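Visitor: To start, I am sharing the structure in question, which I have written as structure tokens.
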Amino acid sequence: MGYTALYRKFRPLNFSEMVGQEHITKTLKNQIIANRVGHAYLFNGGRGTGKTSAAKILARAINCLNPKDGEPCNECEICKGAISGSLTDIVEMDAASNNSVEDIRSIREEVNFLPTKAKYRVYIIDEVHMLSTGAFNALLKTLEEPPEHVKFILATTEPQKLPATILSRCQRFDFKKISNEDIIKRLEIVCKESNIEITKEALQIIATLSEGAMRDALSILERCIQDGENQIDEDKIKDLVGIPKMVYVHDIVKAIIEYDIDKALVTVNKVLEEGKDISNLLWEIIKYVKDILLYKATNHIELYSEEEKTKVKEISETVEKERLINLVYAFSELENEMKFSTQKSIIFQAGIIKLCSKLTVNHKGNSDLEQRVDKIENYLRSHSTNVNNYRPQPVTTEVKMAYNMSTGTTQTAPKNEKKTGNSSKKMEASTYSSKVEEYWPQIVRDLKQNGKIVLYTNLMNTRAKEINDMTVGIEFPNGLTSFGKTVLEKQENIKEIANLVSMASGKPMNIKYITNVGNVGETKEPNIKSIANDSDIPFHVIE
């Protein structure tokens with residue numbers, strides 16, 4: 001006799017052997033006992049949750065010669081024939097490969113004939129959502145009013161793809177994911193009968209990896225014994241499915257929290273050299289960070305050894321909850337980026353380097369320094385005495401030219417008009433000069449009046465000159481600090497300055513920052529600090 005896979009060898013033969021679906025098996029047994037079996041059933045649920053097994057048990061139970069408490073005896077001629085597949089009255093059809101109108105028409109012709117041995121002719125149609133539209137239409141009438149000797153059992157993982165006319169003709173049963181506890185109990189029975197020695201940690205890992213599918217759990221267990229050894233531990237399963245060792249995951253997370261780029265990359269390279277799947281590594285890292293956050297909130301985690309719990313505790317005491325939450329978001333975004341990349345390892349390593357930088361990014365995409373700049377700007381704007389009295393300065397030209405830096409196109413804004421009844425009056429023109437050297441100081445002053453205090457202070461004492469017909473250079477005689485560089489290189493600030501210069505020039509212009517390399521970063525104190533001190537505003541520069 002040939003080899004039989006574990007999930008086939010240990011397929012449930014009666015309702016009591018099914019795990020995690022008691023709400024369904026109890027109802028079906030009661031229907032069989034009360035002789036109120038419906039003519040059409042729809043079994044819906046995820047893969048490996050017992051839909052096909054339940055359909056086969058139901059088909060045997062309603063035809064069994066000696067049923068007991070709604071269960072098939074599995075000993076009579078009908079049950080044995082159904083189990084061996086020799087009974088022609090129970091027909092199993094895969095709709096994925098038999099989905100045409102002709103296939104359904106053959107069923108319509110067969111239902112008119114009485115069963116050969118059994119009481120009922122039962123049709124089990126698996127993956128029924130794969131039927132074509134014509135096939136569904138051909139099935140409708142037969143499904144609604146089949147002969148008394150015919151029963152239909154449909155199974156699907158995607159009930160939303162079924163027409164409403166099919167759904168309304170069936171008794172629907174939703175199979176839920178099997179809990180880890182139920183999967184472990186069933187695996188323990190399988191291991192005992194198969195003489196397999198397995199640790200509790202290994203059982204827990206298999207149950208977690210199966211994601212509620214009993215068939216997947218048995219398939220993983222089978223892979224673990226293919227080497228001829230019937231001893232399974234945690235490390236053996238991780239090696240087979242490509243999960244990195246927990247010590248590697250711990251070292252990577254710890255390095256990120258400590259901003260240690262070298263240690264993080266060295267550990268990542270070790271994992272990749274062992275041939276582990278990088279997606280599994282990222283999944284384990286996300287799970288580990290989540291568990292640290294859970295421990296920090298509840299002081300309790302499961303599935304970890306005492307040594308691992310000690311390490312989790314040590315990390316949880318050195319990191320804030322907000323940082324952990326941001327890391328989960330960042331890793332999730334990294335996972336999405338990797339899905340659409342052909343160079344997953346490069347994207348992954350670049351993401352690790354980014355997370356090890358102190359200018360970390362929160363889940364909204366803003367760096368810590370950018371957040372500080374925004375907070376300072378908002379504070380100063382809210383306390384500025386000039387903001388409420390600000391009146392925007394109009395432009396000399398009637399038509400404003402705005403340069404879109406992201407698309408490289410020029411947009412023409414509508415004329416500034418104030419309508420009174422049916423008449424309109426143009427706004428008075430400003431005194432912008434036509435030379436960039438002359439109108440630049442006024443642009444800087446307008447930024448101050450507009451409440452852009454941080455932007456204004458970093459452009460004080462700067463000069464502007466026209467480099468060419470399309471570019472204006474902004475010179476920084478006193479150099480530019482890293483703080484100012486961060487402010488000025490923000491995309492929205494670049495666009496705002498370019499728009500102001502374009503409107504003043506009357507044509508689309510780019511801007512370019514020109515700094516004396518020797519002076520960059522040498523400014524001892526940003527001008528904003530002196531302004532804050534003069535205004536008696538609490539201010540601290542955080543590098």
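Visitor: Shape verdict for region 1-132, please, from the Cα gyration tensor: rounded (a/c under 1.5), prolate (a/b greater than b/c) or oblate.
Guide: The shape class here is rounded.
Visitor: Quick check on packing: order 275-282, 447-454, 482-489 by the mean number of other C-beta atoms within 10 Å, highest mean leading.
Guide: Highest-to-lowest ranking by the protection proxy: 447-454, 482-489, 275-282.
Visitor: While we're looking at this one, here's another question. With a 1.4 Å probe and all protein chains kept in place, how much accessible area does Ser502 have, in Å² rounded to the nearest 10?
Guide: Around 0 Å² of this residue is reachable by solvent.
Visitor: Would you calculate the convex hull of the Cα atoms in region 151-282 and tell me its volume per residue in Å³?
Guide: Hull volume normalised by residue count: 171 Å³.
Visitor: Also, quick follow-up: Out of the chymotrypsin sites (Phe, Trp or Tyr not before Pro) in region 305-345, which ones are loop residues according to DSSP with at most 10 other C-beta atoms within 10 Å?
Guide: Phe340
Visitor: Right, another one. Just read off the accessible area of Thr481 with the full protein assembly in place, 1.4 Å probe, to the nearest 10 Å².
Guide: Solvent-accessible area, nearest 10 Å²: 20 Å².
Visitor: Heavy atoms only, probe 1.4 angstrom, no DNA, RNA or ligands counted: give me Tyr304, Tyr3, Tyr513 ranked by accessible area, highest first.
Guide: Tyr3, Tyr513, Tyr304
Visitor: Sorted from largest down, give the three principal axis spans of the alpha carbons of region 293-355, whole angstrom values.
Guide: Extents along the principal axes: 39, 24, 17 Å.
Visitor: Pull up all non-local amide H partners of Phe175: gap of 5 or more, or a different chain, and H-to-H distance under 5 Å with H placed in the peptide plane.
Guide: Asn44, Gly45
Visitor: What are the residues whose amide H is under 5 Å from the amide H of Val472, where those residues sit 5 or more places off or on another chain and H is modelled from the backbone?
Guide: Distant-sequence amide H within range of Val472: Ile467, Asn510, Ile511, Lys512.
Visitor: Rounded to the nearest 10 Å², what accessible area does Cys73 have for a 1.4 Å probe in the complete protein model?
Guide: In the full protein context, Cys73 sits at about 40 Å².
Visitor: Further question: Amide H neighbours of Glu92 under 5 Å, counting only residues 5+ apart in sequence or on other chains, H built in-plane at 1.01 Å?
Guide: Answer set, sorted by chain and number: Ile124.
Visitor: Also, I was wondering about something else. Rounded, prolate or oblate: pick one for region 64-201, where a ≥ b ≥ c are the square roots of the eigenvalues of its C-alpha gyration tensor, a/c under 1.5 means rounded, and failing that, prolate if a/b is larger than b/c, else oblate.
Guide: oblate
Visitor: If you take the beta carbon distance between Glu302 and Lys435 as r and set R0 to 60 Å, what does 1/(1 + (r/R0)^6) give as a FRET efficiency, to the nearest 0.05?
Guide: 0.25
Visitor: Which entries in Lys276/Lys339; Lys290/Lys311; Lys177/Lys245 show an alpha-carbon gap greater than 24 Å?
Guide: Flagged as over cut-off: Lys177/Lys245.
Visitor: Pairs of Cα atoms under 8 Å, at least six residues apart: use those to get the relative contact order of region 57-125, whole percent.
Guide: 32
Visitor: Let me ask something else. Please turn the phi angles of region 449-461 into ³J(HN,Hα) values with the Karplus equation 6.51 cos²θ - 1.76 cosθ + 1.60 (θ = phi - 60°), one per residue in order, whole Hz, x for glycine and proline.
Guide: In residue order, the calculated couplings are 5, 7, x, 7, 5, 5, 5, 4, 5, 7, 10, 4, 6 Hz.
Visitor: Please compute the Kirkwood hydrodynamic radius over region 189-252, one decimal place, Å, based on all pairs of different Cα atoms.
Guide: Roughly 12.2 Å, rounded to one decimal.
Visitor: Under Stokes-Einstein, with the Kirkwood radius over Cα pairs standing in for Rh, what whole-number D in µm²/s applies to region 17-95 at 25 °C and 0.890 mPa s?
Guide: 186
Visitor: Mind checking which aspartates and glutamates have their Cα closer than 17 Å to the Cα of Lys29? Skip sequence neighbours fewer than 8 apart in that chain.
Guide: Qualifying aspartates and glutamates at Cα under 17 Å: Glu17, Asp69, Glu71, Asp174.
Visitor: For region 248-265 and region 31-71, what is the centre-to-centre distance using only Cα atoms, to the nearest Å?
Guide: So the two Cα centres are separated by 54 Å.
Visitor: Work out from phi, with θ = phi - 60° and the Karplus expression 6.51 cos²θ - 1.76 cosθ + 1.60, the ³J(HN,Hα) of each residue of region 215-227, listed in order in whole Hz, and give x for Gly and Pro.
Guide: So the J values, rounded to whole Hz, are 5, 5, 4, 5, 5, 5, 4, 5, 4, 6, 10, 5, 7.
Visitor: Give, as a single signed number, the net charge of other residues whose beta carbon lies under 11 Å from the beta carbon of Tyr513, with Lys and Arg counted +1 and Asp and Glu -1.
Guide: Net of charged neighbours comes to 0.
Visitor: Shifting gears a bit: Would you rank Arg105, Arg186, Arg215 by solvent-accessible area, highest first, keeping every protein chain in place and using a 1.4 Å probe?
Guide: Arg105, Arg215, Arg186
Visitor: Starting from the Cα gyration tensor of region 243-356, take the square roots of the eigenvalues, sort them a ≥ b ≥ c, and report rounded, prolate or oblate (rounded when a/c is under 1.5, otherwise prolate if a/b is larger than b/c, else oblate).
Guide: prolate
Visitor: Can you list the HN-Hα couplings for region 483-489, worked out from phi with the Karplus curve (6.51, -1.76, 1.60; θ = phi - 60°), rounded to whole Hz and with x for Gly and Pro?
Guide: Listing the rounded values in order: 5, x, 4, 4, 5, 6, 8 Hz.
The values are calculated or read from the model by the stated rules, or taken from the named source; none is laboratory data. What you are looking at is a predicted structure, and each value in this text was computed from that prediction instead of being measured. As a convention, Cβ positions derive from the backbone with ideal geometry for all residues, glycine included, and neighbour counts pool all protein chains shown. Note: accessible area is taken over every heavy atom of the protein model, side chains too, but ligands, DNA and RNA are not part of it. Shrake-Rupley method; radii C 1.70, N 1.55, O 1.52, S 1.80 Å.
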